[in-house]
Every structure is written in C-alpha cells, then in structure tokens.
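In what follows, a structure is listed as structure tokens, so that the remarks can point back to it.
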Amino acid sequence: MHVKLITNPGAEKASESADNLKLVTGYLEKSGLKVDVAFVWPKEENTSIARQAIKDGYKLVIAMGGDGAIEAVMRGLIGSKVRLGIIPAGIENNIATSLGIPKDLQEACALIASDNTLKLDMGQVSIRKGKKFVFFEMATIGLSAVTGELSGIKGTEMTFVNQESKPEVFLTLDDESKIEVETMLVTVSNTPAIGENFLVAPDASMQDGLLDVSVYPDFGKVELLRYYAVAMNGGYSGNEKVQHYQARKVKVKSSPKLDVAADGVELGEGTVTIKIRKGTLRVIATEKNPGNESPQKDGANAAPVPAQDPIEILDTSASQNVGTDPGDESVIAQKKHMPQEKSN
C-alpha cells in the first residue's frame with residue numbers, strides 16, 4: 001500500500017532529520033508500506049498537503065514532526081476516512097504521548113503497521129463570522145492566549161502587568177446552563193495535558209464527546225502563575241477554587257474582550273463559540289481510551305445559578321470546508337470540583 005509521509009524538516013537539526021527520515025522510511029517499507037515523502041515548510045502548509053493526499057486517494061497519511069506539524073496534518077484530515085499515523089520527531093511531542101505512541105522510531109513505525117485505529121474527538125473554535133479553527137489539545141480565553149499556551153512562565157509574568165485583574169466572563173454551556181464569573185482565564189480542553197506536559201485537565205478524554213472547561217475565580221495574578229507552575233511536568237495542584245465543567249458546546253463572552261487562542265495559534269479577541277466534533281479523526285494509536293480511561297461524569301454537582309444577561313448565539317456558518325459535524329445533540333453541563341487525589 002502506498003502511504004503519504006509528511007515531514008517537517010524544521011522540527012529537528014538538518015542532519016538528524018535526514019538520518020531519522022531514512023530510518024523511518026526503511027522501517028515502514030520493511031512492513032510492506034510504500035512511502036511517498038512530502039517535505040513541507042512552513043508546518044502550516046501540512047494542512048493543504050494532507051487534504052491533497054485525500055484527493056490523491058491515499059488511505060494512510062503519516063505525520064513526522066512535533067506537535068505543531070502533526071496538528072496541521074490533523075486539520076487536513078478531519079472528517080475524512082483517511083487514517084493518520086504519527087512519528088514523534090519534534091521538541092514537543094505531547095500528542096504522541098497522549099496517544100501512547102512510542103518515541104522510538106522503530107516502535108512508532110511498527111505501531112503504524114499494526115493499523116490499530118481509533119476515532120478521536122477534535123475541538124472547533126468559531127470567533128468570527130465564517131471563520132472556524134479546529135484544535136486537538138486546548139483553546140484558551142484570556143491570559144494564556146497571549147503567552148503561548150502557558151508554556152513560557154517568564155512571558156506570563158510580563159503579561160500580568162497589563163492584564164485586567166477582574167474581567168467579567170459569561171459562559172453558556174450546551175445552550176442551556178449560563179454562568180457569570182470574574183476570571184482572568186478560561187481553558188477548554190480536549191486532552192489532559194498541553195505543550196511541554198502541562199497537566200491542565202486530568203479528567204479530559206479524546207473519546208468521551210465532551211470538552212473540559214475550567215475557570216479561575218478569585219485567583220490573583222501571582223496565584224494563577226503559581227498554579228500553572230505546579231502543572232508543569234505533569235503536576236496537578238487540585239486547587240478547589242478552580243471550577244470545572246463538561247459540555248459539548250461552550251460560548252464565552254467577556255468584558256473587556258479577551259484574547260482567544262487554540263493549540264498555540266492566536267485567533268483574535270471577543271465572543272467565541274467552541275464545540276466538540278466527536279469521533280471525527282481516525283488515528284493509529286495504542287490507547288483504548290486516550291487521555292483518560294475513566295472520565296468522572298456521574299454524580300456531578302449542579303451548575304451554578306445562571307447569569308441573568310441573555311447571550312446571543314454566535315453565527316458559525318462558514319465557507320471553509322471542515323468536514324461533517326457528527327454528535328451535535330446537547331446535554332446539560334456538568335460541574336465537577338476535582339479532588340486533589342483522584343480515586344481509582
């Protein structure tokens with residue numbers, strides 16, 4: 001079978017990239033796969049190359065690189081029946097880690113040859129009329145949107161100086177539950193960890209059809225910085241002041257307008273609608289339920305009293321083709337105060 005291998009030579013040193021590519025193509029061909037290589041730079045072009053691969057009739061597309069390059073390929077494949085294989089070869093490889101994909105090149109190629117395919121959820125952000133952006137890890141509204149998804153603590157500290165201390169935020173969950181809160185940050189997660197292994201949503205799963213929403217009321221600037229410093233390298237503080245919700249659709253309106261980003265891409269500012277696209281990406285992986293094997297959804301507390309101000313629904317019509325949109329039924333949002341130690 002012919003497969004398309006999309007590689008980002010900028011993810012590694014030139015010499016390492018060439019050597020690793022030679023190893024990978026050799027491993028794949030020994031497994032009976034005929035490899036057609038596409039060298040792509042910048043990584044954003046991976047999306048159009050992946051879409052062209054679908055048109056060309058490839059049934060398997062392999063992305064080789066770091067998180068940014070792999071996410072760009074994902075956006076090109078969303079909604080199609082083409083399977084995605086992943087070869088982690090970048091500075092940040094959180095996607096591969098969350099899917100149980102080994103960092104060893106030979107083992108990663110063996111996994112691709114096994115063809116163990118899962119259907120995974122993706123998130124979709126609509127911030128302007130007619131504009132949609134698909135993400136794999138997390139969308140942010142507020143502070144982290146400016147700081148590159150919390151990966152640069154020093155940058156975060158500088159941003160605090162100009163950040164509004166108490167923005168008013170209005171959330172609408174699944175078109176039903178409404179929440180009003182003062183918070184500098186809202187995170188909407190599809191995966192438990194982001195970036196360089198920041199554990200931000202331990203209960204998140206890529207197969208539960210839900211987004212995990214976190215807000216941070218009563219957090220001072222220094223406290224919020226410390227909270228995410230603990231989240232580095234897989235840590236989790238379990239701070240009870242953080243409010244956690246789950247929903248299939250989230251609308252966020254703020255005063256003043258806050259910056260919006262998804263998977264490290266800045267999207268602008270203002271009112272945003274975020275929804276889950278259930279099972280819309282086919283990925284070769286090892287985990288049966290990547291992200292979280294036992295999401296805690298039962299026994300959740302009721303949502304807070306809704307905000308009184310009505311919030312108009314954002315027009316999400318778009319000319320951009322981003323695939324079908326399965327699983328649009330709404331459910332009442334669930335609020336979860338996560339304990340510091342999760343029960344088995």
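List pairs: first in region 268-291 and modelled with pLDDT under 90 and polar (S, T, N, Q), second part of a loop (DSSP other than H, G, I, E, B) and surrounded by fewer than 18 Cβ atoms within 10 Å (Cβ to Cβ), Cβ under 6 Å, 6+ apart or cross-chain?
Final answer for the pair search is Thr286/Gly100.
Which of the residues belonging to region 46-72 are in contact (Cβ under 8 Å) with a residue 40 or more places away in the chain and closer than 18 Å to Met1 by Cβ?
Across region 46-72, the qualifying residues are Ala50, Ala53, Asp56, Tyr58, Lys59, Leu60, Val61, Ile62, Ala63, Met64.
Tell me, which residue of region 242-271 that is in a strand (DSSP E or B) and among the hydroxyl-bearing types (Ser, Thr, Tyr) is farthest from the chain's Cα centre (by Cα)?
Ser255
Could you figure out which of (1) within 18 Å of Val134 (Cα to Cα); (2) free of Cβ contacts under 8 Å to residues at least 60 places away in the same chain; (3) loosely packed, with under 15 Cβ neighbours inside 10 Å; (4) basic (Lys, Arg) isn't true of Lys81?
(2)
If you scan region 84-108, which residues turn out to be in contact (Cβ under 8 Å) with a residue 40 or more places away in the chain and in a strand (DSSP E or B)?
Matches in region 84-108: Leu84, Gly85, Ile86, Ile87.
Of the residues Thr183, Thr172, Thr187, only one is assigned to a strand (DSSP E or B), over 21 Å from the mean Cα position of the chain (by Cα), crowded, with 18+ Cβ neighbours inside 10 Å and hydroxyl-bearing (Ser, Thr, Tyr); which?
After ruling out the rest, the residue left standing is Thr183.
Does at least one position in region 207-214 carry a residue that is in contact with a helix residue (DSSP H, G or I) (Cβ under 6 Å, 6 or more places away or on another chain), under 23 Å from Leu99 (Cβ atoms) and at pLDDT 75 or above?
no
For residues that are surrounded by fewer than 23 Cβ atoms within 10 Å (Cβ to Cβ) and in a helix (DSSP H, G or I), tally how many sit in region 109-137.
4
So which of Lys55, Lys4 ends up being at pLDDT 95 or above and surrounded by fewer than 17 Cβ atoms within 10 Å (Cβ to Cβ)?
Lys55
Got a number for residues in region 258-268 being of a type in the set (D, E, K, R) and within 14 Å of Leu185 (Cβ to Cβ)?
Adding up the residues that qualify gives 1.
Name every residue in region 35-62 that is of a type in the set (A, V, I, L, M, F, W, C) and closer than 18 Å to Phe133 by Cα, in order of residue number.
Answer for region 35-62, where residues must be of a type in the set (A, V, I, L, M, F, W, C) and closer than 18 Å to Phe133 by Cα: Ile49, Ala50.
The values are calculated or read from the model by the stated rules, or taken from the named source; none is laboratory data. Fair warning: this is a prediction, and the values are worked out from it, not measured in the lab. So basically every Cβ, Gly included, is an ideal-geometry build from the backbone, and we count neighbours across all protein chains shown.
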